[in-house]
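Working notes for the structure below.
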Amino acid sequence: ALLIQAASGVWVSARARFVASLHTNYVINLDFESSASKASLADDGEAGDVKEMTFAGGKRKFKCKLPSRPHGKRFSAAGAAMAARTKESDVAKSREHFLKAKLVAVADSCWKVPKGDWTYDVCFGRKIVGHHSASDRRYSFGQHSPELDELRPGGGVRQVYLAGSSNRTSEIRFVCGAYMGKTRTFSVHEESSNYFVFTVTGPQFCRWRENGGEQARDHKGNAVAVASLLEPLRGSCFNVTQGWWTYEYCYPKGLTQFHMQGNNKKRDPEYSLGSLSEDAAASALTMVTVKKPSVSPRERRSPPSSHRTLKQRLGHGTKCDETGRPRATTMLFQCPSNWQAKPSTQIASIHEGSLCEYEVTVHTTMLCGHEKFLPTLPRGKETIQCVTEPVEEQSG
């Protein structure tokens with residue numbers, strides 16, 4: 001059997017709440033002997049086009065039955081029911097995939113939240129515990145019930161925590177909002193007796209419907225820029241060593257290339273590969289744009305995907321001896337394909353496309369809550385059954 005990647009995708013939506021992309025792998029079964037089974041391609045009770053395909057440079061011909069599609073094609077009752085079940089399953093998988101992506105940046109982490117005389121330990125996806133300043137006793141505010149997780153119409157997420165002390169129940173509402181900084185402030189209130197609501201704001205919980213996915217609105221109508229997804233990285237630096245050189249990127253200011261001398265105590269030589277001015281760095285939300293998927297020959301050989309990247313342009317680097325111009329870099333930020341493993345933010349690749357012009361890819365899960373940046377969800381495999389044509393037919 002030959003496994004090939006599909007060249008087209010299936011776009012699935014659930015009542016216009018979100019969109020996720022699924023792609024299919026096809027397995028081609030080549031039958032070289034059973035020419036008698038050709039008739040079965042047309043008589044197996046399911047709809048589907050029968051096409052001629054050639055292999056081995058056109059020397060071998062096969063009759064192949066392609067999987068049926070619902071668009072304008074006739075289905076048997078069994079085929080229609082199977083198509084409906086497949087579509088329903090795809091929607092459910094997409095919703096679960098997208099919900100997990102929105103929560104990946106906080107999953108398995110715990111935040112300590114002071115509120116008046118109470119302090120809460122909120123462990124996302126696990127439990128909520130609180131204690132009062134007048135007592136050493138700790139109270140359970142509920143255990144996470146994953147079957148109740150819900151993707152909300154506005155792009156947010158709802159989690160429920162049940163069976164707390166004295167029948168306490170808690171709900172965490174993840175809602176759209178700009179990144180609030182390292183303080184991690186969010187609201188807590190008792191909505192009804194022993195029912196507590198924790199509200200967490202963040203850009204990953206927005207529904208990006210303005211300016212081609214570059215802008216959203218919070219519940220107050222305030223604009224949220226797509227670059228706010230990267231704000232948790234502000235002031236952080238990431239290093240990678242390739243051979244003799246080490247590269248350091250500090251968001252959002254710039255990229256440096258250096259060699260470490262003397263037991264890692266001195267950078268010599270050191271070059272700036274591009275930077276933002278102080279004023280530009282302070283307003284970096286306006287310095288990042290959405291880049292559409294690349295269609296380079298190398299990427300055409302990879303499984304198809306529609307997910308995009310955020311692009312930042314850095315200029316004003318150290319003067320290049322060969323060109324006489326300042327070095328410059330294009331930074332590309334992507335949600336990694338292995339985001340479910342919760343990898344840390346890291347420099348994934350560095351490429352010098354032309355003299356002193358660089359392209360650097362950074363993988364970060366901070367982008368995964370935006371559907372346009374989320375990598376394609378594999379849909380599974382479908383079979384293309386092929387039966388060889390008799391040799392005499394092929395030679396004639």
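The values are calculated or read from the model by the stated rules, or taken from the named source; none is laboratory data. Everything numeric here is computed off the predicted structure, so don't read it as measured data. Ideal geometry is used to build each Cβ from the backbone, glycine not excepted, and the neighbour counts take in all protein chains shown. All accessible areas refer to the heavy atoms of the entire protein, side chains included, with ligands and DNA or RNA removed. Shrake-Rupley method; radii C 1.70, N 1.55, O 1.52, S 1.80 Å.
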For this session: Might you check whether a residue that is open to solvent by 10 Å² or more (accessible area, probe 1.4 Å), free of Cβ contacts under 8 Å to residues at least 40 places away in the same chain and touching a strand residue (DSSP E or B) at 6+ places or on another chain (Cβ under 7 Å) occurs anywhere in the range 176-183?
Result: yes
Seminar exercise, completed: Picked from the range 116-143 (must be over 27 Å from the mean Cα position of the chain (by Cα) and among the small types (Gly, Ala, Ser)), the residue nearest to TYR179 (Cα to Cα) is GLY116
For this session: Select from the range 302-322 the residues that are in a loop (DSSP other than H, G, I, E, B), open to solvent by less than 50 Å² (accessible area, probe 1.4 Å), out of contact with any Gly (no Cβ under 8 Å at 6 or more places or on another chain) and at pLDDT below 95 and list them in ascending order.
Result: SER305, HIS307
For this session: Name the residue, out of VAL113, VAL106, that is within 19 Å of the chain's Cα centre (by Cα) and either more than 21 Å from ALA163 (Cα to Cα) or modelled with pLDDT under 95 (or both).
Result: VAL106
For this session: Scan (1) modelled with pLDDT of 95 or more; (2) farther than 20 Å from THR241 by Cα for the single condition ALA328 breaks and write down its number.
Result: (2)
Exercise. Do any strands (runs of 3 or more DSSP E) entirely within the range 198-255 hold 1 or more residues that are within 30 Å of TYR271 (Cβ to Cβ) and modelled with pLDDT of 90 or more, and if so, which?
Worked result: 237-242, 245-250
Problem set entry | Which listed residue, of VAL113, VAL106, is among the aliphatic types (A, V, I, L, M), in a strand (DSSP E or B) and crowded, with 17+ Cβ neighbours inside 10 Å | VAL113
Exercise. With (1) farther than 30 Å from LYS102 by Cβ; (2) surrounded by fewer than 20 Cβ atoms within 10 Å (Cβ to Cβ); (3) without any contact (Cβ under 8 Å) to a residue 24 or more places away in the chain as the list, and THR256 as the residue in question, which single condition is left unmet?
Worked result: (2)
Problem set entry | Every pair of residues 6+ apart whose Cβ atoms lie under 7 Å, when the first sits in the range 228-252 and is over 18 Å from GLY369 (Cα atoms) and open to solvent by less than 30 Å² (accessible area, probe 1.4 Å) while the second is aliphatic (A, V, I, L, M) and outside any strand (DSSP E or B) | TYR251/LEU230; TYR251/LEU233; PRO252/LEU276; PRO252/ALA281; PRO252/ALA284; PRO252/MET287
